[in-house]
Amino acid sequence: MEANFCMTCGSELESRDVDGTIRRACTSCSFVHWGSYSIGVGALVIRDGKILLVRRAQEPGKGKWTNPGGYIEQLEAIQDTVEREVLEECGIQAIVKNVVALRDQPRSIHNLYVAFEMEYVSGDPVPDNVEVDAAGFFALEELDAMEVAGFTQWLVDVAFHGQSQGLAIDKDPVIPLGGYGLFRV
């Protein structure tokens with residue numbers, strides 16, 4: 001779907017060359033529609049050698065097992081999003097340790113997915129019965145008998161066989177940058 005009206009002033013947008021790319025730009029102000037994007041997050045929570053998975057109760061992927069996750073809210077820090085999603089979907093409290101994987105999926109709404117290694121804090125897996133209808137911690141051997149989504153299979157491999165500690169939250173940046181979520185090696 002093409003943007004037709006300015007999100008700043010409401011005027012009509014026109015197609016215009018902006019830095020060598022045709023983009024929708026406002027006819028009245030300086031607004032440029034740079035594109036449509038979504039950012040998803042996913043949690044990799046391991047407890048006692050088992051990984052937390054949930055079974056999707058809705059499309060896309062209804063009936064498949066995935067890691068808990070969702071999409072960020074406009075004014076929500078990404079680490080808060082993944083912690084909230086895990087709690088909402090299956091009642092597990094976990095905190096972010098590291099960013100361990102990214103998926104870049106260019107399409108009509110360009111999707112970036114950020115996977116987090118998380119530290120289990122508390123709770124027993126209980127599905128929310130809205131987004132997911134089952135939840136639990138599973139050993140690698142158990143996954144063979146489950147219908148695990150392909151991307152989740154890749155993330156499980158990252159969780160158990162990753163060669164890096166990933167990017168950790170920078171809790172004490174050299175320059176305080178309020179409102180930023182900062183991660184570094």
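A few points about this structure:
- Scanning the stretch 4-22 turns up at least one residue that is surrounded by 12 or more Cβ atoms within 10 Å (Cβ to Cβ), among the aromatic types (F, W, Y) and in a strand (DSSP E or B).
- In the stretch 86-104, residue farthest from Q163 (Cα to Cα) [restricted to those that are within 14 Å of the chain's Cα centre (by Cα) and among the β-branched types (V, I, T)]: V86
- Inter-residue pairs, beta-carbon under 7 Å, first closer than 19 Å to S108 by Cα and in contact (Cβ under 8 Å) with a residue 24 or more places away in the chain and in the stretch 11-33, second in a loop (DSSP other than H, G, I, E, B) and not aromatic (F, W, Y), 6+ apart: H33/A3
Condition check ((1) assigned by TED's automatic domain parsing to the domain that holds V45; (2) within 25 Å of V54 (Cβ to Cβ); (3) modelled with pLDDT of 95 or more) across all residues:
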{"site": "A139", "(1), (2), (3)": "yes, yes, yes"}
{"site": "E142", "(1), (2), (3)": "yes, yes, yes"}
{"site": "V148", "(1), (2), (3)": "yes, yes, yes"}
{"site": "V156", "(1), (2), (3)": "yes, yes, yes"}
{"site": "H161", "(1), (2), (3)": "yes, yes, yes"}
{"site": "S164", "(1), (2), (3)": "yes, no, no"}
{"site": "L177", "(1), (2), (3)": "no, no, no"}
{"site": "L182", "(1), (2), (3)": "no, no, no"}
{"site": "V185", "(1), (2), (3)": "no, no, no"}
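- Given (1) over 30 Å from T8 (Cβ atoms); (2) touching a helix residue (DSSP H, G or I) at 6+ places or on another chain (Cβ under 7 Å), number of the condition I72 does not satisfy: (1)
- For the stretch 69-122, the candidate set comprises residues that are in a strand (DSSP E or B) and small (G, A, S); within that set, the residue that is farthest from L52 (Cα to Cα) is A101.
- Test: residue in the stretch 39-48 that is surrounded by 15 or more Cβ atoms within 10 Å (Cβ to Cβ), in contact (Cβ under 8 Å) with a residue 12 or more places away in the chain and part of a loop (DSSP other than H, G, I, E, B): no
- Filter result for R84 (closer than 23 Å to K62 by Cα, loosely packed, with under 15 Cβ neighbours inside 10 Å and basic (K, R)): no
- Residue ID - nearest to the chain's Cα centre (by Cα), chosen from residues in the stretch 123-176 that are in a strand (DSSP E or B) and farther than 21 Å from V100 by Cα: V132
The values are calculated or read from the model by the stated rules, or taken from the named source; none is laboratory data. Just so it is clear, the model here is predicted, and its values are computed rather than measured. Here Cβ is always computed from backbone atoms with ideal geometry, including for glycine, and neighbour counts include all displayed protein chains.
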